[in-house]
Amino acid sequence: MTAAGAAGSPAGWASGLSRWTVGVRQVAVLTGAGISTDSGISDFRGPSRLWTRDPAAEKMSTYQVYISDPAVRLRSWQARLSHPVWTAEPNPAHLALARLTRSPVGTTVITQNIDGLHQRAGTPADCVVELHGTMYQAVCVGCGRRSDMAGELARVRAGEGDPPCTGCGGILKSATVMFGQQLDATVLARAIAAAEAADLFLAIGSTLIVEPAASLCAVAVRAGARLIIINRDPTPYDKLATAVIGEPIGEVVPELVDRLLAARREPDHQAASDQPSAR
Ligand SMILES: NC(=O)c1ccc[n+]([C@@H]2O[C@H](COP(=O)([O-])OP(=O)(O)OC[C@H]3O[C@@H](n4cnc5c(N)ncnc54)[C@H](O)[C@@H]3O)[C@@H](O)[C@H]2O)c1
Ligand SMILES: [Zn+2]
């Protein structure tokens, strides 16, 4: 285990990477809001962040409040119209992970994000597990019918403040998992399988306090993976990690991916002889 302070120094994490990436064949990555802040999408928690500046924003993410309060739905649709996700571009960390998913290193990107930036960076859709759904689709809470968010936003722009489902007249929401809703069981099962199959698990830009997403770190470690956490703030899973890197995601992730790709190109016997016996 490398302490957060030691791995947090540039020299500390850079030298550690060559040890932690040797012999890695299967990677699972869990990403949170912190990977998208460099793309201009705010994360949620912390002194200057969205829910601290605007507590009403948290209400809009709570299912029961959304369903029972028409005023919250009106606000939500206006917030969706002007959401930064529609103009955001993938940043170097998304692009680096996309390179990894297209390489011989088997990679699954499990994301808590709803912004679609992994796919837009070039990660094949079947390598992404969207634990909390996607903003790119809307869903009816009555009949479950899905539709493109772009079409529903066009209705809002044309004057429907809270557009109902065109199939059954029910309430529409974005196809994301709100507080008070269960995760899709099939999606969660895919994420658990990826965590169990990994020999390296990367947790990037997440406070690791939203469950069950965060517990995937423990699932991976229990199944024998090394855990590397890249996040500015401490997390409850730091004590399980081989390394905790508190440096900017945009610097660490591209470097880490380069090392993984370089280690994979090395002959197996060299990787085996370099393999550290302990985490
Ligand atoms: N982009 C999105 O899709 C988006 C944005 C906000 C929230 N959400 C949703 O809200 C929930 C919030 O939980 P969460 O844990 O993902 O995010 P969070 O907002 O709780 O925490 C993000 C973490 O990333 C760190 N961070 C931010 N930028 C960083 C950088 N450049 N380098 C290093 N660290 C950085 C922060 O210090 C923080 O600890 C998620 O489940 C997600 O569904 C999604
Ligand atoms: Zn419907």
Problem set entry | Among (1) surrounded by fewer than 16 Cβ atoms within 10 Å (Cβ to Cβ); (2) at pLDDT below 95; (3) out of contact with any Lys or Arg (no Cβ under 8 Å at 6 or more places or on another chain), the one test that Leu50 misses | (1)
Exercise. In the stretch 235-256, is there at least one residue being touching a residue at least 12 places away in the same chain (Cβ under 8 Å), loosely packed, with under 13 Cβ neighbours inside 10 Å and of a type in the set (D, E, K, R)?
Worked result: yes
Exercise. If we scan the stretch 125-136, do we find a residue that is without any contact (Cβ under 8 Å) to a residue 12 or more places away in the chain, of a type outside the set (A, V, I, L, M, F, W, C), within 16 Å of ligand 2 (Cβ to nearest atom) and more than 18 Å from Ser206 (Cα to Cα)?
Worked result: no
For this session: Would you mind telling me which numbered condition in (1) of a type in the set (Asp, Glu); (2) more than 15 Å from the chain's Cα centre (by Cα); (3) crowded, with 18+ Cβ neighbours inside 10 Å Glu130 fails?
Result: (2)
For this session: Kindly indicate whether Arg99 is touching a Pro at 6+ places or on another chain (Cβ under 6 Å) and either more than 16 Å from ligand 1 (Cβ to nearest atom) or assigned to a helix (DSSP H, G or I) (or both).
Result: no
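Residues checked against (1) modelled with pLDDT of 95 or more; (2) within 16 Å of ligand 1 (Cβ to nearest atom); (3) part of a helix (DSSP H, G or I):
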site: Ala175; (1), (2), (3): yes, yes, no
site: Thr186; (1), (2), (3): yes, no, yes
site: Thr207; (1), (2), (3): yes, yes, no
site: Val244; (1), (2), (3): yes, yes, no
site: Ala262; (1), (2), (3): no, no, yes
site: Ala272; (1), (2), (3): no, no, yes
site: Ala278; (1), (2), (3): no, no, no
Seminar exercise, completed: Exactly one of Leu183, Leu200, Leu208, Leu188 is surrounded by 21 or more Cβ atoms within 10 Å (Cβ to Cβ), out of contact with any strand residue (DSSP E or B) (no Cβ under 7 Å at 6 or more places or on another chain) and under 30 Å from Leu227 (Cα atoms), and that residue is Leu208
For this session: Determine, yes or no, whether Pro163 is over 22 Å from Pro212 (Cβ atoms), away from ligand 2 (no atom under 16 Å from the Cβ) and surrounded by 18 or more Cβ atoms within 10 Å (Cβ to Cβ).
Result: no
Exercise. From the set of residues in the stretch 120-164 that are in a strand (DSSP E or B) and of a type in the set (Gly, Ala, Ser), which is farthest from ligand 1 (Cβ to nearest atom)?
Worked result: Ser147
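The values are calculated or read from the model by the stated rules, or taken from the named source; none is laboratory data. In this text the structure is predicted, and so the values were computed from the model without any measurement. Ideal geometry is used to build each Cβ from the backbone, glycine not excepted, and the neighbour counts take in all protein chains shown.
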